[in-house]
Amino acid sequence: MANIETAGYWVEPRPPAPPEPVTPPPLVRDDLAGWVWAIPFVAALLMVALISPLTKNPGAGFAMFVVFLLPASAATLGVLRQRRAEKIRRLEAANLAAREAAAEKEATNLAGNAAVLLQRSKVNSQKLLSYLDNASGWLARAQGEYDQKAYGPFWDAVEQGALNLAGFRDIAQQLSHDSGSYYQMLSGRIHTFPVLGITSSTLPDPSAALTELQRVLRAGQTNFEFATIWEHRKTREVLIEGFRNLGEAVSNLQFGIQGAVDELRGAVSSDMAKLLEEQVRTRDTSALQAGEHLDMLDQIHKRLENP
């Protein structure tokens, strides 16, 4: 079976499932059973009809009928068994083709799903950095607004920082789910897919931004002028999943983000992720060794051509 390619990558189909026992239809249901079974009787009767006039013994005619019937029946049964065996072979071939088609379809679907997860993870890895950078930028702006005693703009900047951190959390959760699915579906399969770009060592750390959010928030809450504005704005609804208003979000967002990061770190450091990483490393090493071997053969060939 050919390898299934999707977006430049392929997954090798699994070997076909074990065949199910083939039960051919009974002989009496064979398309030719009706007239094939009549062959020995017709042949025997014809022989008796031809030979009977040559003998005056009626019993001899019956004996000849039996004598001719037996080999004719044996020959007919042989034909039927041959046709039955041929029908079994056709059914087995059809079953094998169906199992191979099912295996190729499964590999096609798996490769397509893995390609989608790989591409989405690449995009989300960039979004993760963007959300964190934006959050840090808004919190730095909030500090500037605080220094200038710009009450409204200060809390606007804090809210935007919280919204970007919430976006970071949501993307981290999506990446965690996609990473687990990616490594799970490729586990134990032969393929050319790579390890996901995001790993435990490249995972962005939001702790600095979270610490800055709490620091800026505390500064505003402990200043009377800023706190007065905050009391009016903290109950305002915000589009942050899991929180009813801005006050809940900025106060408790840290726990949700840290949980999402820990879950993502676990997904990209799982045993299945390590197995895939080792599989990719072995595959790359084998490809490199094969290339070096071909280069060596090419050099030997050139030396033989030009002694």
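The values are calculated or read from the model by the stated rules, or taken from the named source; none is laboratory data. Quantities reported herein were computed from a predicted structural model and do not represent experimental measurements. FYI the Cβ positions are ideal-geometry reconstructions off the backbone, even for glycines, and counts take in every protein chain you see.
Here is how the numbers come out for the structure above:
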read-out	value
Considering residues of the stretch 135-154 that are small (G, A, S) and part of a helix (DSSP H, G or I) only, the residue nearest to the chain's Cα centre (by Cα)	A135
Top-ranked residue in the stretch 172-219 [being out of contact with any Gly (no Cβ under 9 Å at 6 or more places or on another chain) and among the acidic types (D, E); ranked as surrounded by the most Cβ atoms within 10 Å (Cβ to Cβ)]	D178
Candidates S286, S251 - the one that is hydroxyl-bearing (S, T, Y) and at pLDDT 75 or above	S251
Residue in the stretch 218-238 that is touching a residue at least 12 places away in the same chain (Cβ under 8 Å), more than 22 Å from K149 (Cα to Cα) and either assigned to a helix (DSSP H, G or I) or among the small types (G, A, S) (or both) present	no
